[in-house]
Each structure stands twice: as structure tokens, then as C-alpha cells.
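Read the structure below first, then the notes.
The values are calculated or read from the model by the stated rules, or taken from the named source; none is laboratory data. Just so it is clear, the model here is predicted, and its values are computed rather than measured. Because the Cβ atoms are built from the backbone with ideal geometry, glycine has one as well, and the counts that use them run over all protein chains shown. Each accessible area value is taken on the protein alone, full model and side chains, heavy atoms only, with ligands, DNA and RNA left out. Shrake-Rupley method; radii C 1.70, N 1.55, O 1.52, S 1.80 Å.
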Amino acid sequence: MQLVRYSISVGLQHVPAEFPYISDTGTYHPESCIFGQLLNISAALAFMTIYVRYKQVEEYNREASTQVIKVNKVSLVLGGLACLGMSMVANFQEKSILFMHLVGAFMCFALGVTYTFIQTWLSFQLRECSDMWGNIHTCRIRMTLCITSLLGLIFTSIFAGLANMKWTGTDPTKWSPDEGGFAEHIVSTVSEWVLAISFLLFFFTYIREFQKVTIEAHLRLYTEDLEPINYPEV
């Protein structure tokens, strides 16, 4: 998804090829349309993944400690808000309403990092109860991705501020080396890409555990008085 937008935006010379911000690759038409559409789809898929993970932990740990149950619910709320922030980034693009775009980015990244730390903590806790929650290597990989995401968030924020203090240009989507703060800008953008990739890889660590569950949808018919219809068994 991101490679498609990056290729289009660089090909049309809307952004420089040297590590633009992710949002910069979806600022101008036509890539902004692709950016909004695919990011909204990604937000929906991410929330579905987060919800399935929540239900999986809930179903297998009904008799677990109260702390685990509460933390699992908190992770669902934070993950949902992070997905909402992702959707805000898609719909409030930086050239349209910058404030809302930044709020959405903060929700997506900051709350997303918090979500990954909570899920990693749950992984360590649940592994002590049952072997179905993966091996210690999976927990360590998640912890590594959490720390990488946190460092990416910190470096992105700090160096973005430093770069803007030195910047003397007119269009931040086309930052050139002679406009000041270019080195800091590159550090910030690279950190954002590392942060986004770490998020994606974190969700991939769920694959083995999701292979152990099955999701079903049940349809139940009601009468006009909202009473359930009980059909005889055949």
C-alpha cells in the first residue's frame, strides 16, 4: 500500500525520493485518494485484528486473574482509539486540516505503542498459564518490536521539532538540503517509517496464535415482538 503511494508521489515529483513522511506521500492528488481509501481499509482491518485478539484472550482466560481481564479490556479500548486515529489521518490530510491530522497521528502512534506494550505484557503473563500462547521467543520478538516502536516515536517527535526550528523553506513536503534542518528531518522521517513497519510486524506475530481459533457468525431470527423464534431441531 505504502509503496504504491510512494511510487506515484515520487514519480509525479510531489515529494522527494529521500524518505518523505508517510503522510506526505498522500497529500496531493491522485495519491491522496489512494492514501485515504487504503488507510481507512487498514484501520478497519486493524480493529478487526485487535478485537479478535481481545476475544481470544477473553475466551481462554475466563478464570484468569482480574488484572489480566481488566488489562485486556484496556488494550481493546486503546487499540480501537489508535485505529480511529489512523482513520483520522486518512480523512483529515495535512494540507486540509493539519491540527486534526496531527491529533489522529498522535492517537495512532502513541496509543498504538501503548497497545503493543500491553499486549506484550499479556503475552508474558499468559505464557505462564498455557503453552498455547507461544514460546518465549515470540514474547521477546514482541518486546523488541515494542521498544523499536517507542524509540521510533520518540525520535520522530524530537527530530521533527528540531527540524522545524531550523527550516526556512515554504513547502514541508518538498524539503531540500539547502532549507535548513534537513539532517534532522531525515532522522525524523526514517524513524516514522521504522515505527510504522514495527507496528505491521507486531500484528504479524499474532498469526500462529490466530491459527488456533475459529470465528463464526450466528444469525438468530426474531418475531415482530422481538421474541426469538425457536425452530424445532431436525
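Computed quantities for the displayed model
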item: Segment 83-128-segment 184-205 distance, computed between alpha-carbon centres (Å); result: 13 Å
item: Estimated FRET transfer efficiency (Gln211, Lys70; beta-carbon r; R0 30 Å; 0.05); result: 0.65
item: Net charge, Lys95 excluded, C-beta distance under 14 Å - Lys, Arg +1, Asp, Glu -1; result: -3
item: Around Phe159: net Lys/Arg minus Asp/Glu count, Cβ-Cβ under 13 Å; result: -1
item: Size of electric dipole in segment 56-187: Cβ of Lys, Arg +1 and of Asp, Glu -1, about Cα centre, debye, nearest 20; result: 180 debye
item: Accessible carbon and sulfur surface of segment 82-167 relative to its total accessible area, %, 1.4 Å; result: 70 percent
item: Local electrostatic count, Leu150, Cβ distance below 15 Å [Lys/Arg +1, Asp/Glu -1]; result: 0
item: Straight-distance crosslink candidates among lysines, where the alpha carbon sits under 16 Å from Lys70 and sequence neighbours closer than 8 are dropped; result: Lys55
item: Accessible surface, segment 18-76, averaged per residue in Å² (probe 1.4 Å); result: 53 Å²
item: Burial ranking of peptide ranges 148-159, 208-219 (average Cβ count within 10 Å, highest at the top); result: 148-159, 208-219
